[in-house]
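Here's the structure we're looking at; comments come further down.
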Amino acid sequence: MKDCFLIETKKYEDNRGFFFESYNKTIAEIIGVEFYQDNCSFSKKGVIRGLHYQWDKPMGKLVTVPMGKIIDTVVDIRHESPTFGKSESYELSSENNQALWVPAGFAHGFEALEDSLVIYKCSSFYNSEHEASINFLDEDLSLNICNNNVIMSDRDKKAISFKEYCKNPKF
């Protein structure tokens with residue numbers, strides 16, 4: 001999807017384990033943002049998080065998965081965008097060692113295909129008063145789910161539909 005893209009990172013493995021550089025300033029220069037905060041989440045297999053977005057001081061995210069495997073999904077929620085309402089999914093894992101840039105204006109979420117550690121480098125501070133979610137399971141979005149027994153927070157289960165978002169778009 002335009003504006004979201006994968007970044008290849010190098011991983012070095014030996015009999016001790018592995019090492020990889022998940023970020024350096026060159027990445028910020030390529031993307032054209034400054035990062036303010038790092039977040040880390042651990043999700044058990046079958047967990048779905050999202051689709052989250054923040055509109056006041058919008059937050060872009062550089063997402064990496066140093067342990068595990070996820071299907072990371074983005075939905076363009078920029079009302080004037082030619083790809084408004086379109087989604088794209090990316091497999092991020094400790095094996096492929098890719099990072100995904102998700103700019104502001106996209107709702108973001110993921111499904112953990114196995115127990116996974118996910119790190120987000122964020123272009124803004126978290127603002128709980130100006131963030132919300134679109135329901136990952138919204139039938140209008142038709143997102144592919146790999147696990148039949150998904151685990152979601154109550155907040156994400158009660159998130160608005162994409163149709164509800166369209167009534168009052170934030171981007």
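Can you find, within the range 56-81, the residue that is nearest to TRP101 (Cα to Cα) among those that are in contact (Cβ under 8 Å) with a residue 12 or more places away in the chain and of a type in the set (Asp, Glu)?
Among those that are in contact (Cβ under 8 Å) with a residue 12 or more places away in the chain and of a type in the set (Asp, Glu), it is ASP72.
Filtered by the rule that a residue be among the hydrophobic types (A, V, I, L, M, F, W, C) and open to solvent by less than 40 Å² (accessible area, probe 1.4 Å), the range 36-66 gives VAL47, ILE48, LEU51, MET59, LEU62, VAL63, VAL65.
I'd like the residue in the range 106-120 that is among the aliphatic types (A, V, I, L, M) and over 30 Å from LYS167 (Cα atoms) and, out of all such residues, is surrounded by the fewest Cβ atoms within 10 Å (Cβ to Cβ). That would be LEU117.
Filtering the range 86-105 to residues that are closer than 16 Å to SER133 by Cβ and open to solvent by 10 Å² or more (accessible area, probe 1.4 Å) leaves SER87, ALA104. Selection of the range 118-171 for residues being of a type in the set (Ser, Thr, Tyr) and touching a Lys or Arg at 6+ places or on another chain (Cβ under 9 Å) yields TYR120, SER123, SER124, SER133, SER153. Checked against the criterion of being under 15 Å from ASP3 (Cβ atoms) and basic (Lys, Arg), the candidates LYS69, LYS86 yield just one match: LYS86.
In a residue-by-residue description of the range 33-44, the property of being of a type in the set (Gly, Ala, Ser) and without any contact (Cβ under 8 Å) to a residue 60 or more places away in the chain applies to no position.
Of all residues in the range 141-163, those satisfying the criterion of being more than 26 Å from PRO66 (Cβ to Cβ) and surrounded by fewer than 13 Cβ atoms within 10 Å (Cβ to Cβ) are SER142, ASN148, ASP154, LYS158, LYS163.
The values are calculated or read from the model by the stated rules, or taken from the named source; none is laboratory data. Predicted model only: the values in this text are computed from it and were never measured. Backbone-built Cβ (ideal geometry, glycine too); neighbour counts: all protein chains shown. These accessible areas exclude ligands, DNA and RNA; they are computed on the full protein's heavy atoms, side chains included. Shrake-Rupley method; radii C 1.70, N 1.55, O 1.52, S 1.80 Å.
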